[in-house]
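Structure first, then comments.
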Amino acid sequence: MASAPASSWTVASLLRISAEYLAEKGSSSPRLDAELLLAEALQLERIQLIIQAERPLTEEEVTRYRELVARRARREPIAYILGRAAFRYLELEVAPGVLIPRPETEELVQAALEELRVRPPLAPVAGTGGWAAPVVADLGTGSGAIALSLAAEGGVRVLATESSGEALGIARRNRERLGLTGAVELVSADLLGEFASGTLRLLVSNPPYIPTAEYEGLEPDVRDYEPRAALEAGADGLEVYRRLAPAAVAALGPGGVLLVEVGHDQAERVGEVLRAAGLAQVTSQKDLSGRERIVRALRPGAAVRDPRELGPWEAAAVASALRQGAVVGVPTDTVYGLAAAWDSSPGIERLFAAKGRPPESPVAALFASVTQIEALLPDLSGPARLVLRRLLPGPYTFVVATRTLRPERVGTPDSLGVRVPDNPVLMELLRRTGVPLAATSANRSGLPAPATLSEAEPDLLTRCSLAFENLRDAPRTAGVASTVVDLRPLDEGGMAQVLREGAVPAEPALEAVADALRAGQQEPDAAAGRDAPESDLSQAD
């Protein structure tokens, strides 16, 4: 950098000549580098450099700045010079012992947070005295960027492993400074070490993935300063993925998710490694530059829960996941089914995609009670109300006229199939979450409907964020779809029609509807006062 009497330098002139100098030395962002270093030398915020652009600088300030610029001119990364790096909402200590976190890894964290919203970990803080066991793991945590961000933003407890003692020390300091000591457990281990519990819900990693031949061609900022062990990964760059894949299968519970960052041209090959290890539904996600940067895979199966064991926090998490687009497996009094929140467009999209259901075949909705149906469908006709109050809960899907707004394919614009099935498990789930469900049977369209969770197609269950199993003491479902009865003709003085014969034969179903209408008309007060209990699922196929 050119010399000049100290008194002649101002903030603006020093920034201009420094940026030119750093550009000559190969910096890809010379002006930004110059500003960050001058702000550090003067202990100012960058915005103050603009405000104080004409401020004269002392000889001591210029000397201090020149030392920092000289380091950057030797291609030392800015983050190492400053000793810190910004990552999402955090400021992290960094040093040559840890990889400097990249924007692509911020996208990995975002993908992980989205998984946690749809596939809730269901492991809240235990009482008021501490955290439950970790359900999320970050392998090769380095500075702790991924683990600390997930803990801070996702409200989960994270197990973070790291084989480098120097990196662990930096991660510990970051954890303590951010007040996340109770949320992130740091352990010295290669990948998962001895922590393959088979209960993890989410496993995230940004492992080394640079092929050996490419390593020497990296920019000097990276090759000469950042830890080689965090970058280079054998002849093809897949060495760590080959070890990580079986470890993930052992560590994840059924339906658990693995998210890994990969090199810009590695997504397909990493996917092959993960499939070979037994992981399923492998997909990739593009980063902001359009490169396939994040690979996602699931351990086959689904996490199974008993809704009676859902505490208030967990029930709220399930309800939130449903609203965010989760698909769940649920039993009914007729078949075992797949369900999503009836008013969640992302959930309906996932439901149809999982089943391969044609878009012209709308799904029915499950409600906790007839009272809930009436509250959410205020335009129900009088005859429809009478029938619902008399015959639900039960093995019926009743098609009613309604124009209540809801996502496309949940019924039609002017009608909806509604159910209140008589199943204690689903009733408990609907009651605790307060979320009505759009539902269909857990089978590919055209194949036999399953009666139980164990009979449901494994691939469909893997697509479920959670699955709920029928109680042991509950009546076994018959595996026969509900009987679908169209009540809309009643509104015009006509007769109800059976659109699909199922658990109840057509003739008895129509007789039941006629009896319900007669009883309701004869005893309007009794009929109006009946509140059907809360319950279970919807239309099969």
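The values are calculated or read from the model by the stated rules, or taken from the named source; none is laboratory data. This structure is a prediction, so every number in the text was calculated from the model and none was measured. Every residue, glycine among them, receives a Cβ derived from its backbone with ideal geometry; neighbour counts consider all protein chains shown.
Residues in the stretch 166-184 that are more than 26 Å from G198 (Cα to Cα) and of a type outside the set (K, R): how many?
8
Among what's in the stretch 324-357 and is surrounded by 19 or more Cβ atoms within 10 Å (Cβ to Cβ) and charged (D, E, K, R), pick the residue that is modelled with the lowest pLDDT.
Ranking the candidates gives D333 first.
Can you name the condition, by its number, that A250 falls short on among (1) of a type in the set (G, A, S); (2) closer than 15 Å to L203 by Cα; (3) buried (at least 19 other Cβ atoms within 10 Å of the Cβ); (4) out of contact with any Leu (no Cβ under 7 Å at 6 or more places or on another chain)?
(3)
Only one of these conditions is not met by D287: (1) at pLDDT below 95; (2) in contact with a Ser or Thr (Cβ under 8 Å, 6 or more places away or on another chain). Which number is it?
Among (1) at pLDDT below 95; (2) in contact with a Ser or Thr (Cβ under 8 Å, 6 or more places away or on another chain), the lone unmet condition for D287 is (2).
Here's the yes/no breakdown for (1) within 22 Å of the chain's Cα centre (by Cα); (2) acidic (D, E); (3) in the same structural domain as V94 (by TED's automatic domain parsing):
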site	(1), (2), (3)
D221	no, yes, yes
V240	no, no, yes
A251	yes, no, yes
G255	yes, no, yes
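Just checking, which of R172, R201 is over 19 Å from the mean Cα position of the chain (by Cα) and of a type in the set (K, R)?
After ruling out the rest, the residue left standing is R172.
Across the stretch 91-110, what is the total count of residues that are out of contact with any helix residue (DSSP H, G or I) (no Cβ under 6 Å at 6 or more places or on another chain) and surrounded by 20 or more Cβ atoms within 10 Å (Cβ to Cβ)?
Residues that pass the stated criteria total 2.
Being closer than 19 Å to L322 by Cβ and outside any loop (DSSP other than H, G, I, E, B) is the filter here, so list the residues in the stretch 436-460 that pass it.
L437, A438, A439, T440, S441, L453, L460
Check off (1) farther than 14 Å from L68 by Cβ; (2) crowded, with 18+ Cβ neighbours inside 10 Å; (3) of a type outside the set (G, A, S) for L14 and give me the number that stays unchecked.
Going through (1) farther than 14 Å from L68 by Cβ; (2) crowded, with 18+ Cβ neighbours inside 10 Å; (3) of a type outside the set (G, A, S) one by one, L14 breaks only (1).
Under 8 Å by Cβ, and 6 or more places apart or on different chains, what pairs join a residue from the stretch 196-208 that is outside the structural domain of V270 (by TED's automatic domain parsing) with one that is modelled with pLDDT of 95 or more?
none
Residue under question is I81, and the condition is that it be modelled with pLDDT of 95 or more and in contact with a Leu (Cβ under 7 Å, 6 or more places away or on another chain); does it hold?
Spelling it out, I81 is indeed modelled with pLDDT of 95 or more and in contact with a Leu (Cβ under 7 Å, 6 or more places away or on another chain).
Could you say which residue among E292, E374 is of a type in the set (D, E) and either farther than 30 Å from S205 by Cα or within 17 Å of the chain's Cα centre (by Cα) (or both)? Walk me through how you get there before you give the answer.
Numbers: E292 fails: either farther than 30 Å from S205 by Cα or within 17 Å of the chain's Cα centre (by Cα) (or both).
E374 is the lone residue from the list that is of a type in the set (D, E) and either farther than 30 Å from S205 by Cα or within 17 Å of the chain's Cα centre (by Cα) (or both).
Here is a yes/no grid of residues against (1) at pLDDT 95 or above; (2) in contact with a helix residue (DSSP H, G or I) (Cβ under 6 Å, 6 or more places away or on another chain):
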| residue | (1), (2) |
| --- | --- |
| R406 | no, no |
| S415 | yes, no |
| P448 | no, no |
| S454 | no, no |
| N470 | no, yes |
| E492 | no, no |
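Can you go through L430, L416 and tell me which one is among the aliphatic types (A, V, I, L, M) and more than 19 Å from A481 (Cα to Cα)? Break it down into steps so the answer makes sense when it comes.
Values: L416 fails: more than 19 Å from A481 (Cα to Cα).
Answer to the selection: L430.
Rundown of residues vs (1) of a type in the set (S, T, Y); (2) surrounded by fewer than 21 Cβ atoms within 10 Å (Cβ to Cβ); (3) assigned by TED's automatic domain parsing to the domain that holds A321, yes/no style:
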residue	(1), (2), (3)
R419	no, no, yes
R432	no, yes, yes
V435	no, no, yes
S441	yes, no, yes
L447	no, yes, yes
P458	no, yes, yes
L461	no, no, yes
C464	no, no, yes
E469	no, yes, yes
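Would a scan of the stretch 313-323 turn up a residue that is modelled with pLDDT under 95, over 20 Å from L461 (Cβ atoms), outside the structural domain of R419 (by TED's automatic domain parsing) and in contact with a Pro (Cβ under 8 Å, 6 or more places away or on another chain)?
Scanning the stretch 313-323, I find no residue that is modelled with pLDDT under 95, over 20 Å from L461 (Cβ atoms), outside the structural domain of R419 (by TED's automatic domain parsing) and in contact with a Pro (Cβ under 8 Å, 6 or more places away or on another chain), so the answer is no.
Can you tell me which residues in the stretch 358-388 are among the charged types (D, E, K, R) and modelled with pLDDT of 95 or more?
E374, D379, R385
Just to confirm my filter: which helices (runs of 4 or more DSSP H) fall fully inside the stretch 1-119 and include at least 2 residues that are in contact (Cβ under 8 Å) with a residue 12 or more places away in the chain?
It comes to 11-24, 30-42, 59-73, 78-82, 103-118.
Where residues in the stretch 381-400 are over 14 Å from R419 (Cα atoms) and of a type outside the set (S, T, N, Q), which of them is surrounded by the fewest Cβ atoms within 10 Å (Cβ to Cβ)?
In this case the residue turns out to be G382.
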